[in-house]
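The structure under discussion appears below in the form of structure tokens.
Taken together, the values in this text are just the output of simple stated rules run on the coordinates, not laboratory data. Source: prediction; values computed, not measured. Counting neighbours? That spans all protein chains shown, and the Cβs are built from the backbone with ideal geometry, glycine included.
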Amino acid sequence: MNQNQNPGHSGFKNPAWLLALKEEREKLQLLMSGNIFIRMFLGLLDRWQPPENIREQCENIKKQYMEKVLHTVFFFGRLNQRQMRPNEFLDNDTFKHLQKMFPLSFQQYSTHLPSLTPYSIVLQFGSEVAGCRTRNEMESFLREFNKTVENAVNSTPDLSFSNYTFKAAVVAYSSYREPGKPQNEAGFPLFYGASLSCKGWIEKMIMISILCLRTWHKAVAFAVYHGKDSLAIVFPEEVQCCAFYYKNGAFLEKAPCVNCRTMYRVDFQPYEGDDREKVGWPHGNCAENECLSKLLLGVPRLQERLTTTHSPQQPNDYTAIEKEFADIIEGDVRNQLKGLLQKKDFPLDLQYFEP
Ligand SMILES: [Zn+2]
């Protein structure tokens, strides 16, 4: 070891050495986070016992979820500055066992793109499989999962919840209080979303581009695309959006950030409380995007009641949103995604992982 590499000498302040140290630390955090996320999701699937009559069909659903979880974790390992292979996340026996059970994730993590970040897969499982309908049901489902993750993080040396990679800082739900329906939780379903559960600016931008192209409703992609030019989507007044951050086992209400307030004209509850003029994450990072997208995808014909804040001489209805998406946004976002993937040496043919 020469003087420049030795932390005991003046080389400790060498920028290259510090960068290497930072990258190595981030790699370790990602590795431990991936290991925990995979193990805790396996635990969630084990605990979940479907009714006898649909057990066989549920085995398939469980398999698909596990494939998605493994694929997305390995994908973030592949994107990391210090690329990781699947076997680095797992001990030898678990690696062999999972590779045999879920080969597709191991074959396609470095060629195919995921459609969700890790925590959003947990949310999807909660609503689509575990059947959480009310706020109470969803919060207790998420609390149980978060608790197992927190315990695992706390028992891992050199890892804390703040540098655990795959947590969602915020979850949110939106709902549409359709006139004429009972004004309670039975009358209108809640659509849950999570903030992006991954780290790194490029990683986040890659995921936001994928979500805009592949997963989110076109109106949400429109709002994200126009985030910087203060062009907003206007929802009917019966649509409500509530966000929460998770702390010590509780979900605490949270006001929307400046990005969300400029992107969406919607009944945010609460609205007041966050008066920062700038935030350190890109448009599209917040939980509000996913929950509003799910609402639009889940409530038939609601999209037709959307407008935009385009100046009056321009068409501002949903047909105009769809047209702009097809004519401009989709192509621009696809090019942006390819540019970002190129930086990571990832194939540019944009294939998606579909277990
Ligand atoms: Zn926000």
**Message:** Would you report the distance distribution of C-alpha pairs in segment 15-145 as whole percents per 5 angstrom bin, up to the bin with the largest distance?
**Reply:** 2, 10, 19, 20, 18, 13, 9, 5, 2, 1, 0, 0, 0
**Asked** For the pair Q81 and D332, how long in nm is the line joining their label points, each one 7 Å along Cα→Cβ?
**Response** 3.0
**Item:** Kirkwood-based shape ratio for segment 142-260, expressed as Rg/Rh from alpha carbons
**Value:** 1.01
**Message:** Test of the criteria: in segment 99-190, which GluC sites (Glu not before Pro) are in a DSSP loop and have at most 11 other Cβ atoms within 10 angstrom of their Cβ?
**Reply:** none
**Net length gained if the chain between K147 and R214 were fully extended (0.36 nm per residue, minus Cα distance)** = 21.0 nm
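Please compute the contact order of the chain in relative form: average sequence separation of alpha-carbon pairs under 8 Å and at least six residues apart, divided by the residue count, as a percent. Walk me through the numbers before you get to the answer.
Working: 507 pairs, mean separation 62.1, N = 355.
In percent, rounded to a whole number, it is 17.
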**Request:** Project the alpha carbons of segment 168-355 onto their principal axes and report the range along each, largest first, in whole Å.
**Result:** 51, 48, 40
**Message:** Using DSSP to call loops (not H, G, I, E or B), can you name the trypsin sites (Lys or Arg not before Pro) in segment 274-308 whose Cβ has at most 12 other Cβ atoms within 10 angstrom?
**Reply:** R276, K278, R301
**Fill in**
Of the listed pairs K68/K344; K27/K344; K68/K147; K27/K63; K63/K218, those with alpha carbons more than 25 Å apart are K27/K63; K63/K218
**Fill in**
Within the set Y192, Y119, Y271, GNM on the chain using Cα springs under 10 Å gives the largest fluctuation to Y271
**Message:** Antiparallel versus total DSSP beta bridges in the chain: what percent is that, nearest 5?
**Reply:** 75
**Prompt:** Treating the beta-carbon of each Lys and Arg as +1 and of each Asp and Glu as -1, no other charges, what is the dipole magnitude of the chain about its Cα centre, to the nearest 20 debye?
**Reply:** 780
**Complete:** With the dipole of segment 168-355 defined by +1 on each Lys or Arg Cβ and -1 on each Asp or Glu Cβ, the option from T215, L341, P182 whose Cα lies farthest towards the positive pole is L341
**Prompt:** Counting Lys and Arg as +1 and Asp and Glu as -1, each charge on the Cβ, what is the dipole of segment 15-145 about the Cα centre in debye, to the nearest 20?
**Reply:** 260
**Request:** Largest first and in whole Å, give the semi-axes of the chain's equivalent ellipsoid, each being the square root of 5 times a Cα gyration tensor eigenvalue.
**Result:** 34, 26, 21
